[in-house]
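Working notes, structure below.
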Amino acid sequence: PLSPAAVVGAGLGGSAVSYFLQQHFGPQVQLDVYEAASVGGRLATVTVNKQQYESRGASIHALSLHMQDFVKILGLKHRREVAGKSAIFSGEHFVLEETDWYLLNLFRLWWHYGISFLRLQMWVEEVMEKFMRIYKYQAHGYAFSSLEELLRSLGGEAFVNMTQRSVAESLLEVGVTQRFVDDVIAAVLRSSYGQSVLVPAFAGAMSLAGAQGSTWAVEGGNKLVCSGLLKLTKANVISARVTGISLHSSEGRALYQLHYESTEGQGSAFYDMVVVTTPLHPSRSNFTFENFDPPIADFPGAFHPSVTSVVHGYLNSSYFGFPDPKLFPFTSILTTDTPELFFHAMDNICPVNVSAAFRRKQPQEAAVWRVLSRQPLDKQQLKTLFRSYYSVQVAERQSHPRYDAGRALPPIVLHHNLFYLSAVEWLASSMEMVAVAAKNVALLAYNRWHQELDKIDQKDLMHKVKTEL
């Protein structure tokens, strides 16, 4: 039996993998979860005027089946939807405005961009339809030892190629126009990853799926999923920063010594299995691996700096061409890739607890806006966006990989029972991708531990799963 296992990081990846490990190995598995900051990781909240707001990762796609499951299991609720309209701003004018009328929106898109809109939808739907196969595979206990194998089993070489070329290239190939790519696709990618249409097609497709479908969030804050799953698994959460892992062997099998720093000083502990859910890229961590032969190589790639500013203030609507703030209709502003634009997106956000009586602030009232940008906003830039403001809270994070098409994907398996969950972020970064990766790592760990090799990297899974049904 598996004795103690360690999970590094208590964000969504760490809490989901703890839950899935216990599901597969059974309740007797002892789980130590190490977290240097607070449970929930990037799903953090900020407080403005005694109310909490999500600072990041706010929406979950309707097709996120693992996230849906977590919410059910934990007895959490979906946050009440508060309607709002979005628009895409070029720095001079709005290139696209949403209305209350769904049909009119479709008509406008059609009028502006012709068939591009339809072609985009078909392309995203085709990718999502294949991606959804993962739930069937996982329900049957199948796992993948690399991101390439996972992609191959979902969509063949075509899916692997989607990590090697840009979303712009893929869309232009299916007949989407350059204008649509520049106006609409660029704006969506800036708001989700803070990056351009040169991100790989797979990461792009996942981001566009989120922009198209209906999304939801957890009442009380998405981070409740993390604390809930850890409580449910009775994981032992240790407040410490893991600095490295060294390999020892005892009676012919690998033992991992985890080194950590806490307020009490330095310590270490031995584990049969370790799952790392924090980024191992040199720009993000000074994590060392010792006694591994062959040595565990450095991970190529960098993280993209991004800044979230939560501003409580009065929007300067005249900057957006609305001298009378009462007439400003939008709650979410996306931007095109224009050199003089200093922000990626901004939205008028609702608190994590939306009561039945809640109403959105009128445009002329002070509201809480979340502004995403590459660099921290200076006084002049804040003045451009806001007539005046009460408070600004800034979180600087390198939260997404810098997506370059054509880069090799990091490994999931670092050693026999040492796994790297965060590798998945180099495919695409969303809550559901992390949950899918957590389930994959737990199944992979279980199948390898019990030598059930026919459940790993199987070819022609669609056929196998059909015959099993």
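The values are calculated or read from the model by the stated rules, or taken from the named source; none is laboratory data. These numbers were taken from a predicted model, which means no experiment stands behind them. Please note: Cβ atoms are built from the backbone with ideal geometry, for glycine as well, and neighbour counts cover all protein chains shown. Heavy atoms of the whole protein, side chains included, go into the accessibility calculation; ligands, DNA and RNA do not. Shrake-Rupley method; radii C 1.70, N 1.55, O 1.52, S 1.80 Å.
Here is how the numbers come out for the structure above:
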{"quantity": "Within segment 47-73, tally of residues that are over 21 Å from Q212 (Cβ atoms), in contact with a Lys or Arg (Cβ under 9 Å, 6 or more places away or on another chain) and among the aliphatic types (A, V, I, L, M)", "calculated": "1"}
{"quantity": "In segment 64-82, the residues that are surrounded by fewer than 17 Cβ atoms within 10 Å (Cβ to Cβ), in a loop (DSSP other than H, G, I, E, B) and in contact (Cβ under 8 Å) with a residue 12 or more places away in the chain", "calculated": "K77, R80, E81, V82"}
{"quantity": "Count of residues meeting criterion [in a loop (DSSP other than H, G, I, E, B) and modelled with pLDDT of 95 or more] in segment 377-405", "calculated": "2"}
{"quantity": "Some residue of segment 14-35 being without any contact (Cβ under 8 Å) to a residue 12 or more places away in the chain and of a type in the set (D, E)", "calculated": "no"}
{"quantity": "Residue in segment 279-298 that is in contact (Cβ under 8 Å) with a residue 60 or more places away in the chain, part of a loop (DSSP other than H, G, I, E, B) and in the same structural domain as T384 (by the TED database) present", "calculated": "no"}
{"quantity": "Residues within segment 351-385 that are touching a Phe, Trp or Tyr at 6+ places or on another chain (Cβ under 6 Å) and farther than 15 Å from T331 by Cβ, tallied", "calculated": "3"}
{"quantity": "Index of the failed condition, D347 passing every other in (1) of a type outside the set (S, T, Y); (2) part of a loop (DSSP other than H, G, I, E, B); (3) open to solvent by 30 Å² or more (accessible area, probe 1.4 Å); (4) out of contact with any helix residue (DSSP H, G or I) (no Cβ under 6 Å at 6 or more places or on another chain)", "calculated": "(2)"}
{"quantity": "Search result, residues across segment 217-258 that are surrounded by fewer than 20 Cβ atoms within 10 Å (Cβ to Cβ), assigned to a strand (DSSP E or B) and not polar (S, T, N, Q)", "calculated": "V237, I238, R241, G244, L247, H248, R253, A254, L255"}
{"quantity": "Residue among Q138, Q121 that is within 26 Å of the chain's Cα centre (by Cα) and under 24 Å from A345 (Cα atoms)", "calculated": "Q121"}
{"quantity": "Filtered residues of segment 299-321 (kept if in a strand (DSSP E or B) and open to solvent by less than 20 Å² (accessible area, probe 1.4 Å))", "calculated": "F303, H304, S306, V307, T308, S309, V310, V311, G313, L315"}
{"quantity": "Filter result for V33 (of a type in the set (V, I, T), open to solvent by less than 30 Å² (accessible area, probe 1.4 Å), touching a helix residue (DSSP H, G or I) at 6+ places or on another chain (Cβ under 6 Å) and part of a helix (DSSP H, G or I))", "calculated": "no"}
{"quantity": "Matching option when the condition is of a type outside the set (G, A, S) and assigned by the TED database to the domain that holds S285, among L96, L103, L21, L109", "calculated": "L21"}
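Conditions (1) under 27 Å from L74 (Cβ atoms); (2) within 24 Å of the chain's Cα centre (by Cα), marked per residue:
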{"residue": "A187", "(1), (2)": "no, yes"}
{"residue": "G210", "(1), (2)": "yes, yes"}
{"residue": "K234", "(1), (2)": "yes, no"}
{"residue": "Y256", "(1), (2)": "no, no"}
